[in-house]
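Only one structure is covered here, and it is reproduced in the block below.
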Amino acid sequence: MTSLSVPRPAPHRRLLRASIRRWSRLLATGSDPFDALARELARWRAAPARFWWRDDDAVAPSAALDRLLALRERLRIPLALAVIPAEADPALAARIAPEEAVRVLVHGWTHRNHAQPGAPPSEYPASRDAASVQAELAGAAARLGTLFGSRALKVLVPPFNALAPALAPAAAAAGLRVVSVDRDFADIPMPAHNIHADVIDWDRHTAVPEAEAVRPLLAALRLRRYGLVPRSEPVGVMTHHLAHDEAVWSLAERLLDLLARHEGAAFPAVEAIFPESARAP
Ligand SMILES: [Zn+2]
């Protein structure tokens, strides 16, 4: 790890990101990945690592949303809901209203894929016109503000965790000063507080193996412990309540329960994860 540094230029950043991803996949978790995570967290007891929970694609009340909110209540940790603005039902705002620890983030506009055929999916690829993206995102933020009031934070969670770096100024001009994508060293020129673990295997539509959920968290914690990422930079767990089978619910619950209970992990309020969103426009 001592050979890794944190260079500024984007090409180096992309190389670093790819290297860290390869290194992350090789981390040993032993026969009990959750025990490996607990042992890493034991090193954080004096100054707990900061965690947060992001659930994506909410649009309306549902049995799955009720289950998600019940899980949050049981775990007693905050929850950031990434809501798709164009689809958001006013009934979702009514359902969230009594949920004091839930905040709403801007999950693009329609969650439509605008990428060229064959390219990774993205609602905001470099091929899109910046002025129309700015107008779209300003409308998205305004709609969530109307529906959710102060519960809606000015945080962009771009669908597919993809935002072309060239469109960051358009997002900022729309009032979204902070972004949330996947893993550390995002190649986006604006503040970012990201997620690290995904509990879903999207090819098989069920839970990832425990080791696959735990490894990116171990990697994120070690990058912070080694000083390559600020220790205070939050580590995120991503869920998608509408896409969970029983295996995904079980994995998400066991993982979040371990984190919620461990003395080496803290779950600040969602506003504290995104201090940039509180600044006046
Ligand atoms: Zn999504």
Nearest 5 percent is fine: what portion of the DSSP beta bridges confined to the chain is antiparallel?
5 percent
Rounded, prolate or oblate, given the Cα gyration tensor of segment 140-204, with a/c below 1.5 counting as rounded?
oblate
May I ask you to order 154-160, 60-66 by the average number of other C-beta atoms within 10 Å around their residues, highest value first?
154-160, 60-66
Determine, from the Cβ-Cβ distance of residue 97 and residue 205 and an R0 of 25 Å, the FRET efficiency 1/(1 + (r/R0)^6), rounded to the nearest 0.05.
0.20
Taking 0.36 nm per residue of separation between residue 226 and residue 253 and subtracting their Cα-Cα distance, the length gained on full extension comes to 6.9 nm
Per residue, what accessible area does segment 14-104 have, given a 1.4 Å probe and all protein chains present, in Å²?
46 Å²
With only helices counted (DSSP H, runs n ≥ 4, each -39500 (n - 2.57)), the per-residue ellipticity at 222 nm for the chain, to the nearest 500, works out to -12000 deg cm²/dmol
What are the ³J(HN,Hα) values, in whole Hz, obtained from phi via the Karplus relation 6.51 cos²θ - 1.76 cosθ + 1.60 with θ = phi - 60°, for each residue of segment 56-66 in sequence order, with x given for Gly and Pro?
9, 6, 5, 9, 7, x, 6, 4, 5, 5, 4
Top positive-direction residue, dipole computed over the chain with Cβ charges, set 85, 98, 12:
12
Counting only protein heavy atoms and using a 1.4 Å probe, what share of the accessible area of segment 21-125 belongs to carbon plus sulfur, as a whole percent?
52 percent
In square angstrom, what is the accessible area per residue of segment 133-202 with a 1.4 angstrom probe?
31 Å²
Which FRET efficiency value, to the nearest 0.05, is calculated for residue 142 and residue 272 with the Förster distance at 22 angstrom and r the Cβ-Cβ distance?
0.35
Rounded to a whole number, what is D in µm²/s for the chain from Stokes-Einstein with the Kirkwood radius over alpha-carbon pairs (37 °C, 0.692 mPa s)?
171 µm²/s
Can you find, among 239, 111, 190, the residue farthest towards the positive end of the dipole of segment 10-278? Put +1 on the C-beta of Lys and Arg, -1 on that of Asp and Glu.
190
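The values are calculated or read from the model by the stated rules, or taken from the named source; none is laboratory data. From a predicted model like this one, the values you see are computed outputs, not experimental measurements. Glycine also receives a Cβ, built like all others from the backbone with ideal geometry; neighbour counts cover every protein chain displayed. Each accessible area value is taken on the protein alone, full model and side chains, heavy atoms only, with ligands, DNA and RNA left out. Shrake-Rupley method; radii C 1.70, N 1.55, O 1.52, S 1.80 Å.
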